[in-house]
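Since the structure comes first, as structure tokens, the remarks are kept for the end.
The values are calculated or read from the model by the stated rules, or taken from the named source; none is laboratory data. Treat the numbers as computed from the prediction; the structure is a model and nothing was measured. Here the Cβ positions follow ideal geometry from the backbone for every residue, glycine too, while neighbour counts run over all protein chains shown.
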Amino acid sequence: MSKVIAVFGAGTGLGVSVARRFGREGFRVALVARRKDRLDGLVERLAGEGIEAAAFSADLSIPAEAPALVAAIRDRFGRIDAIEYGPISGDQGFTAATRLDAATLEGLIPLLLLTPVEVVRAVLPEWTERGDGAFLLTQGYSAAQPIPHLSGVGPVMAAARNYLYSLNGELADTGVYAGTLTIGALIERSEIAESAALASADAEALANFPVADPDDLAAHYWDMYTKRDRVEQFHPEPPAAQATAG
């Protein structure tokens with residue numbers, strides 16, 4: 001039976017690129033997001049490329065629904081081998097730290113922290129029994145490096161990053177892998193790259209942000225999945241890492 005990757009937060013940017021990259025390696029694909037019409041379009045596009053995919057409409061901001069969602073994917077495909085979790089869209093904008101309040105954080109915590117924890121809990125028994133599996137968490141650069149005027153999602157993602165690091169260490173001898181791709185760029189073809197939410201962010205803080213091709217990011221994920229030799233991959237690499245590599 002061919003392997004399965006579930007893409008949580010599948011969209012026109014990174015999500016479909018991950019689906020396509022893993023699909024080229026023979027993976028079947030479960031696409032998860034809120035808008036079924038958009039998912040159906042992505043399924044049709046992938047089918048045209050010879051990749052078997054199915055759509056699962058779900059609100060990932062409701063952690064309690066994660067176990068049933070995972071069960072539905074497993075019922076459709078018979079197994080789950082890898083998960084990419086990255087449901088960031090134009091709905092999640094930046095907030096300056098001086099304007100941040102508890103209500104804003106409370107609104108972000110379910111999607112960015114609680115649901116990924118519940119997803120892992122739902123798949124971990126299958127993965128540990130099989131001795132294989134991979135959870136790939138997509139993060140923004142502010143999770144690792146706080147950026148003035150671009151707060152809000154950063155503190156919540158930082159908590160998820162902390163969890164991911166602990167998870168990676170605890171699973172090191174089980175055959176199950178947990179890794180995170182931390183992106184310091186706007187992603188081409190994604191909703192958030194063209195989102196009105198960015199207009200409210202500090203323009204100067206975003207002025208130097210590069211733009212990333214989602215196909216390049218998906219290639220990082222395939223490399224992480226196959227090698228499993230690092231907890232975190234940055235794109236682009238931080239300046240210190242670039243200097244060291246040079």
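Looking for something at positive phi, more than 19 Å from the chain's Cα centre (by Cα) and either modelled with pLDDT under 95 or not in a helix (DSSP H, G or I) (or both) - is there at least one such residue anywhere in region 168-176? Looking for residues that are at positive phi, more than 19 Å from the chain's Cα centre (by Cα) and either modelled with pLDDT under 95 or not in a helix (DSSP H, G or I) (or both), one finds at least one in region 168-176, hence yes. For region 38-73, filtering for residues that are under 21 Å from Arg21 (Cα atoms) and not acidic (Asp, Glu) leaves 16.
A quick yes/no check of all residues on (1) buried (at least 17 other Cβ atoms within 10 Å of the Cβ); (2) under 27 Å from His235 (Cα atoms):
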| position | (1), (2) |
| --- | --- |
| Leu108 | yes, yes |
| Leu113 | yes, yes |
| Ala122 | yes, no |
| Glu126 | no, no |
| Gln139 | yes, yes |
| Ala144 | yes, yes |
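Pairs are defined by a Cβ separation below 6 Å, a sequence spacing of at least 6 or placement on different chains, a first member in region 45-74 that is of a type in the set (D, E, K, R), and a second member that is crowded, with 18+ Cβ neighbours inside 10 Å and part of a loop (DSSP other than H, G, I, E, B); the pairs so defined are Arg74/Ile80.
Close Cβ contacts (under 7 Å, 6 or more residues apart or on different chains) running from residues in region 80-98 that are surrounded by fewer than 21 Cβ atoms within 10 Å (Cβ to Cβ) to residues that are charged (D, E, K, R) and at pLDDT below 90 comprise Ser89/Glu191; Gly90/Glu191; Ala96/Asp202.
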